[in-house]
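We did not get these values from a lab; they are worked out from the coordinates using the rules stated. Source: prediction; values computed, not measured. Heads up, the Cβs are rebuilt from the backbone with ideal geometry, glycines too, and the neighbour counts pull from every protein chain shown.
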Amino acid sequence: EFTSDMTGLIPGITYYVRAYATNSWGTGYGEVKSFTMQDQPCPGTPTVQDVDNIVYNTVKIGQQCWMKENLRVRHYADGTELTALIPNNTPATESTYGLLYDWNTVMHGTGSSGSNPSYVQGICPNGWHVPSQAEWEQLRDYLREQTVYRCNGNADYIAKSLVSKNAWANYNSGCCVGWEMNSNNTTGFSAMPAGWAENNGTSYRDFGSGTKFWSAPNSFRTQLWYSDAGFNFTTENTGNYYSVRCVKNDY
C-alpha cells in the first residue's frame with residue numbers, strides 16, 4: 001500500500017488516475033479511477049445570509065470570494081424595502097435566477113466607485129459589496145492566466161468557465177456559451193441566463209440567452225451571452241434591470 005498526494009487540481013475538471021509499479025520485469029498498472037474536482041466555497045465563508053434570511057453559496061476564484069448565486073433580496077441590510085423585478089416576469093424563476101434591479105436600487109444612495117475593492121455595500125449583505133469594474137476585470141484576468149479556463153487555448157474565450165451547464169440557448173459554434181454545455185462552469189461561478197428588463201419592467205428581454213451584472217461604477221455592466229465566447233463589459237442605461245453578484249469585503 002502507498003499514498004500519493006496530488007496538488008494543483010482545478011475545480012470542474014475530471015481527472016483520470018491509476019497506480020503503477022515498475023521492476024526488472026516491467027511496469028504493471030492498476031485500475032483506472034476518475035473523479036471530478038468540485039468548486040471550492042470560500043474558506044471560512046461557505047455561505048452568506050441576507051436580511052431576508054435567504055442563504056447563498058459562495059465560491060472562491062483566485063483571490064476573490066464571490067456569491068455563487070444571483071442576489072434575490074427584497075430589503076436592504078437596514079430593513080428598507082426595495083424594488084425588484086422577477087426574470088422573464090415569471091415567479092417560478094426567482095429561486096434559480098435571482099431578481100433584477102436597476103442601478104440606483106443596487107447602489108442605495110452610494111456614489112459610484114471604481115476602486116478595487118469598491119466597498120460599496122449598496123444592496124449587498126453586511127460584509128459584502130457591489131463589485132467595481134476593476135473587480136470584474138480582476139476576475140477576467142485571473143481566468144485568462146489559467147489555461148484550464150480557456151476554450152481551445154484562447155485567453156479571450158473564457159465565458160464558458162463562468163456559466164451553468166444548462167438553461168442556456170444552444171449555439172452550434174465552438175467555444176460559445178451555448179456550445180457543448182457539459183464543459184461549462186469550471187470555475188463554479190454558475191451564471192444563469194436571467195435576461196434583463198427595461199422601461200420599469202414593461203419589456204423583458206433575452207431570458208435563456210444571456211445575463212448582465214451591475215458594477216459599482218456608474219452605468220457599467222458585465223455581460224455573458226449564449227452565442228459569445230468572451231466576457232464583455234460596456235456602459236448601459238441605469239434604468240434597466242440586471243442581475244447582481246456580491247463580493248466579500250477584505251477577502
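Observations, loosely collected:
- Unpaired Cys in the chain, meaning no second Cys C-beta under 4.7 Å: Cys176.
- As a calculated quantity, the FRET efficiency between Thr96 and Asn23 at R0 = 45 Å, using C-beta atoms, amounts to about 0.25.
- Shown in residue order for region 188-197 are the 3J(HN,Hα) couplings computed by the Karplus curve 6.51 cos²θ - 1.76 cosθ + 1.60 at θ = phi - 60°: x, 5, 6, 5, 10, x, 6, x, 7, 9 Hz (x for Gly and Pro).
- Only one residue of Thr58, Val163, Leu99 has its Cα farthest out toward the positive end of the dipole of the chain, where Lys and Arg carry +1 and Asp and Glu -1 on Cβ, and that residue is Val163.
- Burial order of peptide ranges 120-133, 55-68 (average beta-carbon count within 10 Å, highest first): 120-133, 55-68
- The share of alpha-carbon pairs in region 154-251 lying farther apart than 25 Å comes to 19%.
- Principal axis analysis of the Cα atoms in the chain yields extents of 75, 40, 33 Å, listed in decreasing size.
- Treating each Cα of region 209-251 as one equal point scatterer and applying the Debye formula with no solvent, the log10 of I(q)/I(0) at q = 0.25, 0.26 Å⁻¹ comes out as -0.92, -0.96.
- Computed extension gain for Asp250 through Thr147, at 0.36 nm per residue and net of the alpha carbon distance, reaches 34.4 nm.
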